[in-house]
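Inspection log for the structure reproduced underneath, given as structure tokens.
The values are calculated or read from the model by the stated rules, or taken from the named source; none is laboratory data. Keep in mind that this is a model prediction, so the values were computed, not measured. Neighbour counts run over all protein chains shown; Cβ positions are idealised from the backbone, glycine included.
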Amino acid sequence: MTREALQDLSCDEAYWESLLRDVETQAPEPAGDHFRAPAGAPRSDAAGAAWTAALRASENDEVIQVQSVGSNRGGLLIEWNGLRGFLPASHICGLAAHLDDEGRRREIVQRVGRMFNAKVIEIDRGQSRFVVSERLACTQQDRRAALLAELESGQVRSGVITSVCSFGAFVDLGGVEGLLHISEISWGRVNHPGDCLKAGQSVRALVMSVDRENERVALSVKRLYPDPWMTVSERYSVGQVVQCVVTSVVAFGAFARLEDGLEGLIHVSELAEGNFMHPRNVVCEGQTVRVRVLNVDAAHRRLGLSLRRVDGDLVERAT
């Protein structure tokens, strides 16, 4: 974040420069990496890792927890992961603006030793400069609390996928993350969420439940669309010949997709005549075939299909 973008929080550029000069002249000089290190001071591997973590927190706009370890008239000296830094008075939440210099000083001193949620607003390892803001973290937490308060089951929200894992995907709804479980991605079978979702992708989802105490939100994408099994009997009937795509081949037959969210089973006995050893000798994944509907069971979400009973069609075996 640039200094210009912070002028509304830290008065003007002249004040910012004056405040930093004040810290540099009045702050104590602890050993190791700190806010203003002596030129040529050695840096350990641990300190290097801490600077890397601080830079990552700045780039990702993360909220970190810092401890105040000292003060001067400009603000609080803080420590995080062994790094010494500065929390300017203008970035401390709850500090009254009308106080005189002595009153402000007392208020700042009373906060020494406390833990603060903060965001990194300036970082320069070359200058050993590490500046944080509690006010920006408070703003983010306020937005998060407000969003949690207004989220309700049944709402449709837009968000961005932040990560994809084996059991689903996490979606940022604007400060609060919700879980899109693998079972709520599609009415059809999803082998892995990564097959149809990726980080950075924008999605619309239905809010299924909100646990404000534990800050958990359950989402669903598939429930934005009608369940195809609810009306399957209106579109398919016994004896009908339809076109479908083979989605998977197993020892007891093959599954085929008639439409999104609607799959049927071609049992091994309904694949072809004769001895063909394994279903893969007849069909393969991705192959388009014509089948006859043998049975429709909407209640149990089952469709029985036959490849060998399509009259007049020669079934070509997969190579």
**Prompt:** Does Arg212 satisfy being surrounded by fewer than 18 Cβ atoms within 10 Å (Cβ to Cβ), within 30 Å of Glu150 (Cβ to Cβ), charged (D, E, K, R) and free of Cβ contacts under 8 Å to residues at least 40 places away in the same chain?
**Reply:** no
**Message:** I need the full set of residues from segment 273-286 which are in contact (Cβ under 8 Å) with a residue 12 or more places away in the chain, out of contact with any Phe, Trp or Tyr (no Cβ under 6 Å at 6 or more places or on another chain) and either farther than 23 Å from Val238 by Cα or not in a loop (DSSP other than H, G, I, E, B) (or both), in order please.
**Reply:** Phe276, His278, Pro279, Arg280, Asn281, Cys284, Glu285, Gly286
**Request:** Scan segment 156-179 and give yes if some residue there is surrounded by 14 or more Cβ atoms within 10 Å (Cβ to Cβ) and over 14 Å from the mean Cα position of the chain (by Cα), otherwise no.
**Result:** yes
**Asked** Checking Gly178 against (1) assigned to a loop (DSSP other than H, G, I, E, B); (2) modelled with pLDDT of 90 or more, which single condition isn't satisfied?
**Response** (1)
**Request:** Return only the number of the condition from (1) surrounded by 14 or more Cβ atoms within 10 Å (Cβ to Cβ); (2) not in a loop (DSSP other than H, G, I, E, B) that Arg290 does not satisfy.
**Result:** (1)
**Message:** Suppose the filter is of a type in the set (A, V, I, L, M), within 24 Å of the chain's Cα centre (by Cα) and surrounded by fewer than 20 Cβ atoms within 10 Å (Cβ to Cβ); does Leu136 pass it?
**Reply:** no
